[in-house]
Structure formats: structure tokens, C-alpha cells
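Novice: Take this structure, written in C-alpha cells, and hold onto it; I'll ask about it next.
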Amino acid sequence: MTELFHERLQRHLREMAKYLRLVFNDFFVFALLFFLGGLGLGYSNILKHLKADQWWAPFVALLILAITAQIGRYATLIEDADRVFLLPKERAMHAYFVQARKYSLVLAEIVQVIVMFILTPFLRVALGWSLMEVILLLIAQLVLKDALLRLDIASAYQVTGQRRMNHWSLKWLISLVVLVPGLWLTPFLSFVLILFIDVFSWLWLEERWPKQQIRWREQIKIEDNRMLGIYRFFNLFTEVPMVAGTIKRRRYLDGILRLVKPTHSQTYLYLYSRGMLRGTEFSGLVVRLTVIGMLLLYFVRGQWLPIFLAALFIYLIGFQLLPFFQQYDDVVFTHVYPLTEQQQVKSFVKLVTLILAVAAALLWVIILIANPTVETAGGSLVVELIEVWYLARIYTPQRLARAIKNRG
Amino acid sequence: MALEVSHVVGGYSQIPVLKDISFDVQDGELVGLIGLNGAGKSTTINHVIGLLTPHKGTITLNGVTITQDSQAYKQQIAYIPETPVLYQELTLREHLELTMMAYDLDHEAAWVTAHDLLKTFRLDNKLDWFPANFSKGMKQKVMIVCAFLTQAKLFIIDEPFLGLDPLAVNDLLQLIEKRKQEGASILMSTHVLDTAQRYCDRFVLLHDGQVKTEGTLSELQAALPEAGESLNDIYLSMTKVDRS
């Protein structure tokens, strides 16, 4: 079992390395260095002007440490098939879980150390602590993370019936109970408290787990969610095949959807409009780009820059929408229904026109607020109108014709 | 003559899976497409529904081929796939509505039929559900309801009996019978041979991309007299001949 985990860990690390290489490309590293440099400079400036014994300092430290304690999730790397194939090995799975926890713990403790390291000058200046006190708190923080990850391993079993031990409220409660006396009274108290909690939870778990079943389904779901979170992050930088959008009912949008008349020629629009509004993948893309564009336009001043930016964002949105055309290609009925490709293209063009028009209108309103001159507002209106018309009515059908041809 | 498949050579790639197959389905007839895994049943069906284009040969449905008028051709077909596929973003109600729109049905009349069907398959209280919340059997029932909502002349049903509860199988067979009475044709592929034997009017036995035999049960019995009485025996003997 230990071996199984190490095999999986290697595979996992290889995969992560592959994506991390793509994430930390030269450009991103450069930007990140600038960003961190700026932050560091700001932090050291704040420290210089900080006076000792501020009443708010413990609150800041508490918030940072409590949040940091929640960072670093329990990575089990278990897979859906495990609940079938490893079920006969359920008792032996404990060794696997222990290995997994070890790995998660190392990662999480590295984060704790880094944050404590950054926080040290603040604690020494604002709270007037000695180095000994800081080290005591660091140890308390490390043991705290150890205890929190023990809750995660405990909740892999049905030790407490339906209740899960790794609920965020319990983790926060423990973090606060441990950190508050330490920050306001003395870190020695934190140290004693968490040592007690950790040892107690360890004894309690050792006594309980051998008599309990593993919650396979929940554990698999948690791991899937964890991986999905990681993939989502990577998806911001590069294409990740494992990220598929989710679907939300969004009943409040039914009013808009009802505007599509249920007639034969509107069949595809009926389908596309629902897919667009209820799927998170493409709607999220459109909303993100529109909001970023609006924010940018709100802060940008100038005569031509807003016009250019608005045009750029409309182009980005329109361009990213194109793959949505093929969204239903793998549903056989899209091909079996007595509908023509012309109807499909027409409906799609209508959808793109609508989305771009709404986005363009929103961007234009912001331009009107931020840069209310005749040239900028008028100019951007003209440019946007032409662009929406060209993108939706000329460019999109051309590209779709090519896509249909490739479909064979 | 409803469906006529004539000398079709075809498959997914350049290598043909179907080697010159011909058969037909008459009006008001239920034809069973029988064959082992990989015999070419699904490939045949994919050709008939227009997902694949034959390399050679023609498929005619009431005088129309798909290349002549794809809309007129597809209008006559309703398809129930083996593995249910649904649009993830549409509720059950919207699936039905989409089907009505796609086949250009009269909505009021279609909803009357729909409610009957939903009641039969015990889905009438799940109209606002998403496909993600349906079990496999329920999804299959949704496929059946959508297909029988249409006034198609040819129903193509790919392995309908696996995954359905006995009550639903019975209801489906009744539905098929009713549509047959109204003159619709049905092409059905299946492995459940005793059910096929009881309900199909004729059989097309596919083996290795070729039509081994076809005909009614008595015709098959006459052709292979030593094989045995039931469709099961005939089918097994047919595959045995090939294995030796």
C-alpha cells in the first residue's frame, strides 16, 4: 500500500511538473518577481513606520495564521476505481492514508514555515516579542497543522457516524482556540494547548479507525474536487483536458430563455441559449472578460485608448465563443434531428450577435461614465457597432463553414 | 417499401466493416437485427441514421436517400441509441420541447402524447430534472419518450432491453406494437433473443459484416433444418459454423 501511494505520487508529481513548467513561463516569472518585489518593498516600508504594541496587531497576526493553518489540503490521490479494486484491502488502506498524510503534511508545513518567516519581523516589532516567543508560536503552528490534517484522515473513516471531522467550522474553531491565547497572552499557552489536542486526537484516532469503514465515495469526491481545483488553476494558463464546465439550473434566467420562440427554425437557438446560460464554461468566460474589460475601461483615461480596449475585448469574447458551436457534436441527436447545418449556423450567429451586443453595450456604458467626451464615446460606439456586426455576421459564419467542412 | 439497404459497403474508416449488406424493412414491420458483438449491427444503424456515409451502395427511405434531401430523410426517422445520450443543460421538459421543435410537431397535440408516455414510464413528476440526476434506466426511458413523441415512419432502436425494468420492457413492446399497427416500421438490434423471437416479424442475421441469413422464423428454420427450433439455436449454430 505504501508502495502504491509512492507510485501514484510519482505520477502525480510528474503531471504537476508538466503543468508547472507551462504556468511558470518566462513572462509569468518576470511578472511574479516584480509583484513580489513590490510587495516586499511595501512590507518593509510598513515595518519601518510601525510602532510597538498596537492593539490591532494580534488581530492581523491571528487572521493570517488562522488562514495559513487552513492551507494545504489532504491529498489522498485516490481514484474512483479504488472503491472497487481496493475494497478487499480496506484495512491495509490505512497505511496508504498515512503515507498520503505524510506527503500532505510536508507540503503544508513548508507553507507554514514560509508564512511564519515572513511574519516574524511583524511579530517582533508590532507585538514586541522575543525570538524565543516567535519560535514557540512557530512550533505551535506546525503542530496545529498536524492536528488539522489528522482530522482529515479521521474523516476518511466513519468514526463519528454522519458527522465529518474535517468540517471547516471545526478546523477554524481549533485554530482560534489555539492561537487566541497565544497571541494575546503568551505563545507558551498555544504550544501547550495544541500539544494536548494533537496527542489526544492521535490517541482517539488510533483507538477508533480499526473498527470503522472507509467513506469511499466521500473521500473520492473530496479528492476529485481537490484535483479539479488544481486543474482549474492550470486552466487559466493553458488548456487542461480534465476541466469540463459544470451546469447550474439558474432558474432566474428562465425569463430570458423564454424569449426564444419554440418553433422549428429556432431549435438550435433554443439549445444553444440554454447551454450558454446554464453551462459555466462559456458563460463564465464571457462574464469574466466583460467584467475585466469594464474594470479596465473604468480606470483608463484618454481619447483613443478606451476605443481600442473596448474593441480588443469584444474581439476576445467573440473569438472565444467559436468553439461553442461544436459543443453538441458528440450528442447523436444533433445529427439525427431533421435540421440543416444552415439552421445551426444561423442560430449560432444569432447567439453570438446577442452576446457581443450586450457585452459591447456594457463596455460602452463604462466608457460613457469614465471618458464622457464626444470623440471617445461616439468613436467607440461606431467602432463597436461595426466590429460586432463584422465578427458575428461575417467572420463567424466563415469560420463555422470551415469547421463544418472539417467535420466531414 | 419503407427502408431499403442495398449493397452497402461501409465503416468508420477506409477499412470496411460492412461488406456488401442488403436487407429491407417493410411498412408496419418489426425487423430484428441480430449478431454478435462486432458483427456490424451498430455500424449498420449508424449508416441508416446518417451518421456514416456508405462507401458503396444506397440506403433509401420511402424513396428518399440522405444525399437527395437530408431533412426529408431524417424527418422520417426516430432513433433510440443503446447508450442514452442527453443534453446536459436541458431539463426533461426541454428535451421534449426540443424534440417537438426539431421534428416541427404541433406542440399541443405532442404534449398530450408526451404526458401519456411520461405517465407510462413513470417520469411525469420529473419534468424539471436535469439528466445528471437520472439513472441509466431513466435516461433510456427519456430516449424512448422522445422517440415515440414523433410521427416517424421508421423507428431505429439499438438494444432496448438491457437496462430497462421488466415493466418498461413490456410498455415499450406495446408501444412498438401500436406504432406497427399505424404503419410505422421498426428496425431493432438486440441480443435478447427470446424476446426478439416473440415480437419480431423478420430477422436479419449479421455475421462478420455480412448478412448471413434473413427471413421469418419459419424461413430460418427451413433454411437451417438441423439447427433447432428457436432463434437462439439457429443463431448459435450459425456462429458455430463460422468458428469451425
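Novice: Excluding residues fewer than 8 places away in the same chain, name every one of the lysines whose C-alpha is closer than 29 Å to that of A:LYS102.
Specialist: A:LYS18, A:LYS89, A:LYS145, A:LYS171, A:LYS211, A:LYS221
Novice: If every alpha-carbon in region A:166-293 counts as one equal scatterer, what log10 I(q)/I(0) does Debye give at q = 0.15, 0.19 1/Å?
Specialist: The Cα Debye sum returns log10 ratios of -0.95, -1.12.
Novice: Convert 25 °C to kelvin, take the viscosity as 0.890 mPa s, use the Kirkwood radius over C-alpha pairs of region B:56-188 as Rh, and evaluate the Stokes-Einstein diffusion coefficient in µm²/s, rounded to a whole number.
Specialist: Details: Rh = 15.4 Å.
Roughly 160 µm²/s, to the nearest whole number.
Novice: A follow-up question, please. Residues of B:92-104, mean number of Cβ from any other protein chain within 10 Å of their own Cβ, rounded to a whole number? Don't skip to the answer; put the middle values down first.
Specialist: Details: counts 0, 0, 5, 1, 0, 3, 8, 3, 4, 14, 12, 5, 6.
Other-chain Cβ atoms within 10 Å of each residue's Cβ, averaged: 5.
Novice: Take region B:1-99, compute every pairwise Cα distance, and split them into 10 Å bins from 0; I just need the percent in each bin.
Specialist: Whole-percent P(r) values from 0 Å outward: 14, 42, 32, 12, 0.
Novice: Please give the Cα centre distance for region B:173-244 versus region A:187-223, rounded to the nearest Å.
Specialist: 62 Å
Novice: Now, a different point. Can you run the Rg to Rh ratio on region A:254-407? Use alpha carbon positions and the Kirkwood inverse-distance Rh. The partial results should precede the final answer.
Specialist: Values: Rg = 16.8 Å, Rh = 16.5 Å.
Expressed as Rg/Rh, it is 1.02.
Novice: In a Gaussian network model over chain A where Cα atoms closer than 10 Å are linked, find which of A:THR120, A:THR68, A:THR267 has the largest mean-square fluctuation.
Specialist: Checking each option, the largest mean-square fluctuation is seen for A:THR267.
Novice: For region A:2-233, take the convex hull of the Cα atoms, compute a quarter of its surface area, and give me that in nm², please. The partial results should precede the final answer.
Specialist: Numbers: hull surface 56.6 nm².
For the Cα atoms of region A:2-233, the hull's average projected area reads 14.1 nm².
Novice: Quick check: from the Cα gyration tensor, does the protein assembly as shown come out rounded (a/c under 1.5), prolate or oblate?
Specialist: Working: a/c = 2.78, a/b = 1.59, b/c = 1.75.
Oblate.
Novice: Next question. What's the longest bit of chain A with no exposed chymotrypsin sites (Phe, Trp or Tyr not before Pro), using DSSP loop states and at most 10 other Cβ atoms within 10 Å as the test? Don't skip to the end; give the middle numbers.
Specialist: Numbers: sites that count: A:TRP55, A:TRP56.
Value returned for the longest uninterrupted segment is A:57-408.
Novice: To the nearest 0.05, what FRET efficiency results for A:PHE299 and A:ALA31 with a Förster distance of 25 Å applied to their C-beta separation?
Specialist: Numbers: r = 19 Å, r/R0 = 0.74.
Efficiency for this residue pair is about 0.85.
Novice: Across 10 Å bins from 0, what is the distribution of all Cα-Cα pair distances for chain B, in whole percents?
Specialist: 7, 31, 35, 21, 6, 0
Novice: Still on this model: How high is the relative contact order of region A:248-357? Use alpha-carbon pairs under 8 Å, at least six apart in sequence, and give a whole percent. Walk me through the numbers before you get to the answer.
Specialist: On the way: 59 pairs, mean separation 36.9, N = 110.
With pairs under 8 Å counted, the relative contact order is 34 percent.
Novice: Out of B:ALA184, B:ALA196, B:ALA227, any idea which swings most in a Gaussian network model of chain B, alpha carbons joined below 10 Å?
Specialist: B:ALA227
Novice: Using Stokes-Einstein with the Kirkwood hydrodynamic radius over Cα pairs, what translational diffusion coefficient do you get for region B:89-140 at 4 °C and a viscosity of 1.567 mPa s, in µm²/s rounded to a whole number? If you can, show how the numbers build up before the last one.
Specialist: Working: Rh = 11.4 Å.
Answer, rounded: 114 µm²/s.
Novice: Output needed for region A:286-327: three equivalent-ellipsoid semi-axes, defined as square roots of 5 times the C-alpha gyration tensor eigenvalues, in descending order, whole Å. Intermediate results must be reported in sequence, preceding the final value.
Specialist: Working: eigenvalues 118, 23, 3 Å².
Computed over region A:286-327, the values are 24, 11, 4 Å.
Values in this text are rule-based calculations from the coordinates and carry no lab data. The model shown is predicted, which means the values in this text are computed figures rather than measured ones. Don't worry about glycine lacking a Cβ; one is built from the backbone with ideal geometry, like all the others, and counts go over all protein chains shown.
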